[in-house]
């Protein structure tokens, strides 16, 4: 059930109780599913959500690539739940801040983009995000805005005023800035302005709540500081979990690293990339990137704990995601394609195939074909169980020996990269 009616329009007591019960369930999911932290407190936000006040809520995204990935989808699924409760939703594209470059989680200065590059990148953002959010809703329209509307108009005195709300000490307390200073790596003045600019977005939008990943916590809290200073009121921050390998903590989705699964990925590619994700991340992807109920996800987790082959659960995950972002029919075809080509030992016709000699080391071939850059990286991928080989006419298996040699033709898959090997 999706709540789309106002409480005061309901007449009977049972009708009102049913409404409140359903609303409580939806709010509980908003406060817990894919959530890492809430500022100032989850309890305070819950009280606000239980009221009939319509909140102004937004998620920001910088167009640093032409695609939106599944990691971003986590935030938009939460926005979708909040929109279903009747709140005012804004998707904010950081066309201005993208030209500065977000220093979050960066060990070096991010290359600055030109205005032309930014606008080229964001051309299909609304279409991609629209796979989750309903931009066609006329009763409660979702706004799609750009922060150049206000940031591009700030005068120099206004920028100085903005900077005056923070100290250098506050900025250098930030892990990434402190680390660069300790390592004597360049830290440019303009990078300090990124959190100020993102924070000012909250002021310009009169936001009650901002949603973003853990790597955006500092920036979002800067917005909370500015809303207090400029507007003398509270702004809530909901920090979402990042998609990352639970053991290595390596990001599964990153625009800047060129990794991840785009929301507009072709069905076959989307299915295959999901199947290449570490088994340990299955439940998190179900939680963060699907609309499957938490009860159903718990059942999937129980199946894994009881010994069900992770590959079988991962196929269900891939089907769920491909069906959502495409269609059930396309998910059927993608599963058939994957099963035929990989599980039954085939090698895709559209991947590059390299001649190898029987007895060559997989590690040597991975480096020679530029899949990996070093033996140490190969060992790390082995430890992550991310190196798989599909021998002709046999199923896919995980390679667990650093020194394993090639004895047959087939397809080598390391993470999301696949090449064909032809023994000569």
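Values quoted throughout were computed directly from the atomic coordinates according to the rules given, and no laboratory measurement underlies them. Fair warning: this is a prediction, and the values are worked out from it, not measured in the lab. Positions of Cβ are backbone-derived with ideal geometry, glycine not excepted, and every protein chain shown enters the neighbour counts.
Using the empirical formula 2.2 N^0.38 Å as the baseline, the Cα radius of gyration of the stretch 11-127 reaches a ratio of 1.35. For the stretch 65-193, the Cα-based Rg and Dmax, in that order, read 17.5, 54 Å. At q = 0.19, 0.20, 0.23 Å⁻¹ the log10 of I(q)/I(0) for the stretch 353-423 amounts to -0.65, -0.73, -1.00, computed by Debye summation with a single uniform scatterer per C-alpha, solvent ignored. Count the DSSP beta bridges whose two residues both fall in the chain, then state the antiparallel fraction as a percent rounded to the nearest 5. Here the share of antiparallel DSSP bridges comes out near 50 percent. Using equal-weight Cα scatterers in the Debye expression, the normalised intensity of the stretch 267-343 in log10 at q = 0.12, 0.14, 0.24 Å⁻¹ is -0.29, -0.40, -1.14. Taking packing as the residue-averaged number of other Cβ atoms within 10 angstrom, the listed peptides 120-128, 208-216, 196-204 run from highest to lowest as 196-204, 208-216, 120-128. Mind pulling the angle between the C-alpha long axis of helix 294-305 and the longest principal axis of the chain? Nearest 10 degrees, somewhere in 0 to 90. Once rounded, one gets 30 degrees. Among 136, 363, the order by Cβ neighbours within 10 angstrom, fewest to most, reads 136, 363.
The orientation-averaged shadow of the Cα convex hull for the stretch 151-266, equal to a quarter of the hull surface, comes to 9.7 nm². For the chain, the mean residue ellipticity at 222 nm estimated from helices alone is -13000 deg cm²/dmol, where every DSSP H run of n ≥ 4 contributes -39500 (n - 2.57) and the total is divided by all residues, rounded to the nearest 500. Measuring how big the stretch 7-240 is from its alpha-carbon positions, Rg and Dmax come out at 18.7, 68 Å. From least to most packed, judged by other beta carbons within 10 angstrom and beginning with the fewest, 54, 249 follow the order 249, 54. Seen from a random direction on average, the alpha-carbon convex hull of the chain projects onto 23.7 square nanometres. Here the simple spin-label model places points 7 Å from the Cα toward Cβ, and for residue 165 and residue 312 these points are separated by 5.5 nm. When the chain is modelled as a GNM with alpha-carbon springs shorter than 10 Å, which of 29, 305, 280 fluctuates the most? Answer for the Gaussian network model of the chain: 305.
With neighbour counts taken as other beta-carbon atoms within 10 Å, the residues 328, 248, 217 rank, fewest first, as 328, 248, 217.
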